[in-house]
Amino acid sequence: MGKGGEKGGGESGEPEAQIRFYTWEEIQKHNLRTDKWLVIERKVYNVTKWANRHPGGHRVISHCAGEDATDAFQAFHINPTLVQKFLKPLLIGELAPGEPSQDRDKNSQLVEDFRTLRKTAEDMNLFRANPLFFSLYLGHIIAMEVLAWLMVSYFGTGWITTLILACILTTSQAQAGWLQHDFGHLSVFKKSSWNHIVHKFIIGHLKGASANWWNHRHFQHHAKPNIFKKDPDVNMLHIFVLGDTQPVEYGKKKLKYLPYNHQHEYFFLSDLTCCQIPTHLCTFFPLWSRLDYSRVPQATLKAKTNGRWTLKLMYIHQVRGKMKAVLRIFKLRLGFLESHWFVWVTQMNHIPMEIDCEKHRDWLSSQVAATCNIEQSFFNDWFTGHLNFQIEHHLFPTMPRHNFWKVKPLVKSLCAKYGVQYEEKPLGKAFVDIVG
């Protein structure tokens, strides 16, 4: 039971509100669906009722229940001081004076050194975005879309033109995917509202997906990467068994929904559709997203995005009498090239890494265990949208991607100091390791 105490009175001479002190043993009991406490900078908050109103979704904040959420809080919010006003009414007390700041015997010196590293990165202005970088990046996506339109207008829809168009549109869509990722993480503008507005435009009108759906899933992944039942990216609905422990668990329970000894083979077929299914669900079942993810105003944007190009092409093909080319382009662009690009890039940093149940490690150790980097080059940076710096991105989600290379030496040095494995590999090996 928490201990009580009183602060000194104010100018009126009346005593201030009583402060309650709690032990980690008591706090860790409040990690249930109907009872959620968490700790930020030694202050204890009851977020049970507020979780459903959390802008990032109730799941991501629930995953930190019963824990020290200081580093996660700092990682996801670009203006923690502003967010404090929402936390104030939820404050119920503080850690008891004799309690350590970190829960579950985490290395307090490692945690403090990581927070010092973050402060160093802030002092180096590494969380400040370069407007020119993102302007040029958006410009090259729009240029590809315009080029594709002009090619159809001037050269028709023969097979050669269709193949070239498929490559151009695939590239523009893939790059738009990396760009929406930047705005979704609030890493471009200083104000969250501007990031949200542009994110909804890019993911909604260029990609055709729901910003809310993406946020509520992707932030869970960042909070607890490669953790079963917490990271939606590794909850494969029995299609795949991942890591070292899940295959053993399935074997003991004799669960065999699919021939898992061949999953490295049917992976090549499944990745054609896995990144298309969620957005199509948002198209045809708009209420589906509202069950778990509050409001999804962009529910029909997938149809709108496909319709944008379909209507343009139908107009041209109606004049030219070549309607079949519409199907050619969309089958090549959406059904094959784009899906493969997306899946291989997003999985190369995580699937070969540790995938397991919750181990309650510190922020640095948990993120590095679940992620790896790909060697830097101009092509790798562009091809992956700088996701080749996955470790730095996971440690500092709101940092603009063009600054990852600057903070990388600091992160490697800290990992070396504490014996935390920092893994980096060539792009080709990363792809091979997925199959492995």
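Every number in this text was worked out from the coordinates using simple rules, so none of it is lab data. Because the structure is predicted, anything quoted here is derived from the model rather than measured. Don't worry about glycine lacking a Cβ; one is built from the backbone with ideal geometry, like all the others, and counts go over all protein chains shown.
Between residue 120 and residue 193, the FRET efficiency estimated from the beta carbon spacing at R0 = 30 angstrom works out to 0.60. Multiplying the residue separation of residue 53 and residue 135 by 0.36 nm and removing their Cα-Cα distance gives an extension gain of 26.2 nm.
Placing unit charges on each Cβ (+1 for Lys and Arg, -1 for Asp and Glu) gives region 374-436 a dipole about its Cα centre, and among 385, 407, 436 the Cα reaching farthest toward its positive end belongs to 407. Each other residue within a Cβ distance under 10 Å of residue 348 adds +1 if Lys or Arg and -1 if Asp or Glu, for a net charge of +1. For region 345-436, applying the loop criterion from DSSP together with a ceiling of 12 other beta carbons within 10 Å to the trypsin sites (Lys or Arg not before Pro) yields 359. For region 132-143, the Karplus equation 6.51 cos²θ - 1.76 cosθ + 1.60, evaluated at θ = phi - 60°, returns couplings of 4, 4, 6, 5, 5, 5, 5, x, 6, 6, 5, 4 Hz by residue, with Gly and Pro reported as x.
In this simple spin-label model, placing a label point 7 Å from the Cα along the Cα-to-Cβ direction at both residue 160 and residue 147 gives a separation of 1.7 nm. In order along region 111-122, phi translates into HN-Hα couplings of 4, 5, 5, 5, 5, 5, 4, 4, 4, 4, 5, 5 Hz, rounded to whole numbers, per the Karplus curve 6.51 cos²θ - 1.76 cosθ + 1.60 with θ = phi - 60° and x for Gly and Pro. Taking 25 Å as the cut-off for C-alpha to C-alpha distance, list the pairs among 252/429; 49/85; 252/359; 106/229; 224/425 that go past it. In this structure, 252/429 exceed 25 Å between Cα atoms. Measuring between alpha carbons in the structure, the pairs from 88/191; 119/191; 36/190 lying more than 25 angstrom apart are 36/190.
The distance between label points at residue 262 and residue 19 comes to 6.4 nm (points 7 Å beyond Cα on the Cα→Cβ vector). Distance from the Cα centroid of region 217-259 to that of region 369-436 is 23 Å (rounded to whole angstrom).
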